[in-house]
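The values are calculated or read from the model by the stated rules, or taken from the named source; none is laboratory data. On a predicted model such as this, the values are computed, not experimentally measured, just so you know. Cβ placement follows ideal geometry from the backbone for every residue including glycine, while neighbour counts extend to all protein chains displayed.
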Amino acid sequence: MNNTTKLTHQKELFGHPVGLYVLFFTEMWERFSYYGMRGILVLYVASSATAIDPGLGWTNKNALILYGWYTMLVYVASIPGGWIADKFLGQKKTVMLGGLLLCFGHGILAVPEDWAFFTGLVLIILGVGGLKPNISTMVGGLYKKGDTRRDSGFTIFYIGINIGAFLASITVGLVAYYYGWHYGFGLAGLGMLIGQAVFFWGQKFLEGVGEFSGGNKVTQQEREAAKKPLNKIEKDRVIVLLISFLIVVVFWGAFEQAGGLMNLYTDAKVDRSTDFSWLEEIPAAVFQSLNAGYIIVFGTIIGGFWIWWKKKGKESSSLFKMAIGTIIMGLGYVFMMFASQEASSEVFGKAAMTWVFLAYLFHTIGELCTSPVALSFITKLAPLKYASIMMGIYFAATGLGNKLAGSIGENSQLKPFIGTMIVNKEDVFPFIKMDSIEIKNKQKNIVKIFDYPINEDKNFSIKAKVYNDGGKVIFKEFESDIKLNSLFALSLDKDSNTKELLETLSERKIGISNPYHAKILFEKDKDKAQLIENKGDGKDYNISFVLEEQQSETEYTTFKWLTIFTVAFGVLLLILIKKLKKLTHGAEDSEDLAT
């Protein structure tokens, strides 16, 4: 539907149409907004609802469920987004509409209200669906068919995506850390606003690109192809494509732990302290910049390696690259296994940042081997009559992979044991310390005071030993060994998992000589915390905790099986590579010979 002929009057810059740089900066700022928001999404949802900068107060498990659905729908929305462009608006107007929805969506996220958060998510899903698939098509529309600059144009465009993601993860993460979640969301929205302004300004350089030319307009070649049944070669190629979509699901199901499980793990279990006086601790969201940073550094190197590898006469088909990429990405979780072992080697321990850096490095190398070839592979194998459908299935597979990632992360988080504090606040003073606390004064300004957290309705935690003693669960303060059972009562309602606690301790023979441990969180009820007249009364506190050892085991097992499954899946593909290549009937042979 877009114009694939380069206009004679089109201006050029550095050997490419100026329109490429318009789309470059538009997509850079759109990805800035998306990855900036994604980097703090799970952290915000799982943050306490009664903190000085409150989040939604959800459990890690529920936060990851939301993350899985959100990231899936973002990709699935690309299917109706492409359909709207083809049938009604054209790519250019659909990108403009998507950008506007994104501006509104990110802007609403800056409002500190629950309704604004969910409204913003819906608008962002719709906006990305309209912008993402169509702006890439417009890049292709800048070049006439057979133009040798097309691949390098897409490479420049891809760099823009990762520059935006890199800058966002650092700046939005830091702003959210120092100034608040909604300032972080607001900064992401500001990035999208800049991108929209660039796209609007650059319309004169995009004349004839992405224009709507009638929803029913098809070429004679497309019309004839639609009438013909698939032949043997085309059927075989469809089979290979469906297998490649399975690779996409597996790859992104493992890779997309970045914004979910790995984000939460980095926040809770990684030592992020620094020696810099101006930055005592690196915000967890900033680690999301590693992937984009590595792509910028290693993208050309990995691309150059595959060219060299092919010239050496070695196997370099798209399926081979995707298999190798899946294996390398899976091996990245070996470093997260090491991190888990290091963190659990001591009670309430943490892992070194080095493991996270190495894990993201392997994930990125795997991505560079897999992701860039997937779309190209579809265009080579898809029968003409099913080209659009296959592209839609690809986006759906990517979305399913993201949903799988959320489900894997969700299952790695234990359901917390819950209860209620049953004593007066004075009774917990011996177990907590006075500390510097940030609060909002009457003028709504954030100030620091020195007090007990419970006097300001703030959360606090007590580190405890937990063990079974004669059929009863005993809690003792970690350092003093003072019994804590009198402070709270565990929930006994039908949805509670309290019985599992005793069963777990009994089955594992956890006694006084070999106790488990827990960081018991005392959290003021969200609604009661809003009542200023009851501030500091010490009432309406709920407690929650997981067994540290059990949670560490679950996380380690998750990282281990992510490694085993992805590596085994990649190896299986390598074993079947000859049979799968045979089914492509030489779709990539001419390309190989020409290289």
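Values for this structure:
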read-out: Flag for F320 being within 30 Å of G349 (Cα to Cα), among the aromatic types (F, W, Y) and touching a residue at least 60 places away in the same chain (Cβ under 8 Å); value: no
read-out: Lone unmet requirement of (1) part of a loop (DSSP other than H, G, I, E, B); (2) in contact (Cβ under 8 Å) with a residue 60 or more places away in the chain for W58; value: (2)
read-out: Where a residue in region 419-432 is in a loop (DSSP other than H, G, I, E, B) and its partner, wherever it lies, is surrounded by fewer than 13 Cβ atoms within 10 Å (Cβ to Cβ) and not aliphatic (A, V, I, L, M), with Cβ under 8 Å and at least six apart; value: I422/S486; V423/S486
read-out: Residue that is nearest to G349 (Cα to Cα) [pool: residues in region 510-530 that are among the basic types (K, R) and modelled with pLDDT under 95]; value: K524
read-out: Sole exception among (1) surrounded by 21 or more Cβ atoms within 10 Å (Cβ to Cβ); (2) free of Cβ contacts under 8 Å to residues at least 24 places away in the same chain; (3) not charged (D, E, K, R) for T558, by number; value: (2)
read-out: Failed condition for D540, given (1) in contact (Cβ under 8 Å) with a residue 24 or more places away in the chain; (2) of a type in the set (D, E, K, R); (3) not assigned by TED's automatic domain parsing to the domain that holds Y265; value: (1)
read-out: Where F205 falls short, out of the listed (1) farther than 19 Å from V45 by Cβ; (2) crowded, with 21+ Cβ neighbours inside 10 Å; value: (2)
read-out: Filter pass, L490 being crowded, with 18+ Cβ neighbours inside 10 Å and free of Cβ contacts under 8 Å to residues at least 60 places away in the same chain; value: no
read-out: Members of region 543-569 that are assigned to a helix (DSSP H, G or I) and either in contact with a strand residue (DSSP E or B) (Cβ under 6 Å, 6 or more places away or on another chain) or on the phi > 0 side of the Ramachandran plot (or both); value: E548, E549
read-out: Condition met for I79 (assigned by TED's automatic domain parsing to the domain that holds G180 and either under 23 Å from I408 (Cα atoms) or modelled with pLDDT of 90 or more (or both)); value: no
read-out: Condition check for F377: farther than 27 Å from F395 by Cβ and touching a residue at least 12 places away in the same chain (Cβ under 8 Å); value: no
read-out: Matching option when the condition is closer than 30 Å to E281 by Cα and more than 20 Å from the chain's Cα centre (by Cα), among V356, V347; value: V347
read-out: T558 vs. criteria in contact with a helix residue (DSSP H, G or I) (Cβ under 8 Å, 6 or more places away or on another chain), β-branched (V, I, T) and closer than 27 Å to G55 by Cα; value: yes
read-out: Filter result for V297 (under 22 Å from F166 (Cα atoms) and of a type in the set (A, V, I, L, M, F, W, C)); value: yes
read-out: Counted residues, region 322-363 - those being β-branched (V, I, T), farther than 27 Å from V240 by Cβ and part of a helix (DSSP H, G or I); value: 3
read-out: Members of region 413-437 found to be basic (K, R) and over 34 Å from the mean Cα position of the chain (by Cα), listed by number; value: K425, K433
read-out: A63 being buried (at least 20 other Cβ atoms within 10 Å of the Cβ), of a type in the set (A, V, I, L, M) and under 14 Å from G129 (Cβ atoms); value: no
read-out: Selected residue (criterion: surrounded by the most Cβ atoms within 10 Å (Cβ to Cβ)) from residues of region 340-389 that are of a type in the set (F, W, Y) and at pLDDT below 80; value: F377
read-out: Count of residues meeting criterion [in contact with a strand residue (DSSP E or B) (Cβ under 9 Å, 6 or more places away or on another chain) and of a type in the set (A, V, I, L, M, F, W, C)] in region 52-75; value: 1
read-out: Verdict on G330 being modelled with pLDDT of 95 or more and within 22 Å of the chain's Cα centre (by Cα); value: yes
read-out: Selected residue (only one of G105, G127, G120 is outside any loop (DSSP other than H, G, I, E, B) and either farther than 23 Å from A49 by Cβ or in contact with an Asp or Glu (Cβ under 9 Å, 6 or more places away or on another chain) (or both)); value: G127
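Conditions tested, residue by residue: (1) surrounded by fewer than 20 Cβ atoms within 10 Å (Cβ to Cβ); (2) outside the structural domain of G39 (by TED's automatic domain parsing); (3) free of Cβ contacts under 8 Å to residues at least 12 places away in the same chain.
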site: D271; (1), (2), (3): yes, yes, no
site: S277; (1), (2), (3): yes, yes, yes
site: A284; (1), (2), (3): no, yes, no
site: N291; (1), (2), (3): no, yes, no
site: I295; (1), (2), (3): no, yes, no
site: G299; (1), (2), (3): yes, yes, no
